[in-house]
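This report refers to the structure that appears directly beneath it.
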Amino acid sequence: MRGVGPGPGTVGSGVMTDVAERRELWVEEPAKRRRMPDPVRTAAVRAVLITAVTLIQAMVAVLCTLADSWLAFPMVLSSVASTVVATWGVLDVWVTRQVWNQRHGVVSVPASTARRLRKERRRARRTARRTPESIRRHGAAGRLTHT
């Protein structure tokens with residue numbers, strides 16, 4: 001690949017270096033939060049769209065009122081109705097999220113109980129890792145590790 005002119009990544013002859021050619025254009029980063037479940041995400045998108053329409057209607061109502069337009073009164077009425085619908089949409093997101101958590105295994109237990117269960121699971125994993133079969137399976141062949 002030939003470079004256009006002198007600059008970073010080019011050699012005097014105009015040929016790109018190997019390092020610049022291997023650099024990836026897009027690097028995937030792991031998500032910081034898990035993705036929302038589909039029904040919750042659908043309700044959230046619906047609530048955002050309804051809220052956006054409500055804000056636009058309110059702005060049009062204000063502008064029509066300032067311009068003394070005949071459209072001001074119907075826009076104010078529709079803005080009030082849209083506010084009620086937008087409130088319902090936001091509550092729908094909250095209710096949908098709660099229902100999803102109840103139906104799909106999010107267990108609400110006291111922190112002390114959850115901590116005890118995690119501790120037991122961790123202990124079971126450690127003992128499973130220390131069995132001779134698992135050591136042979138991982139190719140340690142009689143060698144001891146520092147752990």
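The values are calculated or read from the model by the stated rules, or taken from the named source; none is laboratory data. Just so you know, these numbers come straight off a predicted model, no measurement behind them. Glycine gets a Cβ as well: all are built from the backbone with ideal geometry, and neighbour counts include every protein chain shown.
Got at least one residue in the stretch 72-87 being at positive phi and at pLDDT 90 or above? Spell out the reasoning first.
So the first thing to find is which residues in the stretch 72-87 are at positive phi, and the list is none.
So far as the stretch 72-87 goes, no, none of its residues is at positive phi and at pLDDT 90 or above.
Only a single criterion out of (1) assigned to a helix (DSSP H, G or I); (2) of a type in the set (Gly, Ala, Ser); (3) modelled with pLDDT under 85 is not satisfied by Gly105, namely (1).
Cβ-Cβ distances below 8 Å connect the following pairs, each with a first residue in the stretch 33-53 that is touching a residue at least 12 places away in the same chain (Cβ under 8 Å) and surrounded by 12 or more Cβ atoms within 10 Å (Cβ to Cβ), a second residue that is aliphatic (A, V, I, L, M) and outside any helix (DSSP H, G or I), and a separation of six or more residues or different chains: Ala44/Met36.
Looking at this structure, is Ala58 at pLDDT 90 or above and either closer than 30 Å to Met36 by Cβ or part of a helix (DSSP H, G or I) (or both)? Criteria met by Ala58.
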